[in-house]
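Working notes, beginning with the structure itself.
None of the figures in this text is laboratory data; all of them are computed from the coordinates on show. On a predicted model such as this, the values are computed, not experimentally measured, just so you know. Cβ atoms come from the backbone with ideal geometry, glycine included; neighbour counts cover every protein chain shown.
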Amino acid sequence: MTDQNIFLEKETFSKPLPWKEEFGRKGKLILEIGFGKGHFMRNYAKAHPEYNFIGIERFIKWVRHTQARVIKEELLNIRLMCGLAQEVVRDYFEDQSIDEIHVLFPDPWPKRRHHKHRILQKAYLELFHQKMVRGGQIHITSDHKEYFDAAMKEFSQLHSSLFEIIPKTEDRFKTNYQIKYEKEGRPIYFFQANKK
Ligand SMILES: C[S@@+](CC[C@H](N)C(=O)[O-])C[C@H]1O[C@@H](n2cnc3c(N)ncnc32)[C@H](O)[C@@H]1O
């Protein structure tokens, strides 16, 4: 297992990327957006070696951090890409190909003039819908009540034929932020949306 096997430099791959060939097998495609230090994805990938995981993270520093741990733990079912998730999802995934998308503690961009940077907004939810298999799931976790409520509202304003909202109170695996915030006693909010 080498650095090149894990970290896929976008420029060197075709669009969309043939994921079955990349992993050398079929398998559920699980995507994590903004994986940071990678705690959630590594634990999920260990528990489900039969699934194929792709992490997208905008900062190379966190890609390198997670890459080193993925190699050490020999997690053959993880690939990492560096870039803005909106662009990577649009360019590197076929329609109706992703089984799960996890957006965990996304940057809240609290100032109104920065809301355009939020990943949980109508245009990207529609993009995710297009790229997901029927019955595919989006999982969202946040400590930021205003962003969480705004995201729920964005879902509720989409056409009702797109997603079913499923209430949720916890996740099976924790992110680094979740561990930190739980220690501080902060409230954490969860929800799931399934593609109809
Ligand atoms: C608040 S941190 C949470 C990290 C991790 N999910 C956790 O819960 O421990 C948000 C992460 O998302 C990344 N990020 C923010 N916007 C992104 C985007 N549009 N595409 C990819 N990564 C993004 C940031 O660089 C950062 O690592």
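Numbers below:
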item	result
Full-extension gain in nm, Lys26 to Ile60, via 0.36 nm per residue minus C-alpha separation	9.4 nm
Most mobile of Leu162, Leu31, Leu104 in a GNM of the chain (Cα contacts under 10 Å)	Leu162
Antiparallel content of DSSP bridges confined to the chain, in %, to 5	35
Base-10 log of normalised Debye intensity for the stretch 1-50 (one unit scatterer per alpha-carbon) at q = 0.17, 0.22, 0.25 Å⁻¹	-0.66, -1.13, -1.36
All lysines inside 16 Å of Lys116 as judged from Cα atoms, apart from same-chain residues fewer than 8 positions distant	Lys153
Size descriptor, Kirkwood hydrodynamic radius, that averages inverse alpha-carbon separations across the stretch 56-150, Å	14.8
The stretch 1-86: Cα Rg divided by the 2.2 N^0.38 Å rule of thumb	0.97
Positive-end residue, the chain charge dipole about Cα centroid, Cβ charges, pick of His115, Gly83, Ser160	His115
Between helix 145-157 and the chain: long-axis angle, C-alpha atoms, 0 to 90°, nearest 10	90
Debye equation applied to the C-alpha atoms of the stretch 96-195, log10 I(q)/I(0) at 0.17 Å⁻¹	-0.77
For the chain, with +1 on Lys and Arg beta carbons and -1 on Asp and Glu, the positive-most of Tyr189, Tyr92, Asn43 along the dipole	Tyr189
Percent of C-alpha pairs per 5 Å bin, the chain, short to long	1, 7, 16, 21, 22, 17, 10, 4, 1
For the stretch 87-93, Karplus couplings with θ = phi - 60° (6.51, -1.76, 1.60), whole Hz, Gly/Pro x	7, 5, 5, 4, 8, 10, 10
In order through the stretch 106-119: 3J(HN,Hα) via Karplus (6.51 cos²θ - 1.76 cosθ + 1.60), integer Hz, x for Gly, Pro	x, 4, x, 6, x, 6, 3, 5, 9, 4, 4, 7, 5, 6
Sequence ranges 124-130, 181-187, ranked by mean other-Cβ count within 10 angstrom, highest first	124-130, 181-187
Distance between the stretch 112-145 and the stretch 1-68 - C-alpha centres, whole angstrom	19
Overall form of the stretch 37-97 per C-alpha gyration tensor (a/c, 1.5; a/b vs b/c)	oblate
The chain: relative contact order in percent, alpha carbon pairs under 8 Å with at least 6 residues between	22
The chain: angle of helix 60-72 to the longest principal axis, Cα-based, in degrees nearest 10	50
Separation of the Lys15 and Ala47 label points, Cα + 7 Å toward Cβ, nm	3.5
Between helix 122-131 and the chain: long-axis angle, C-alpha atoms, 0 to 90°, nearest 10	40
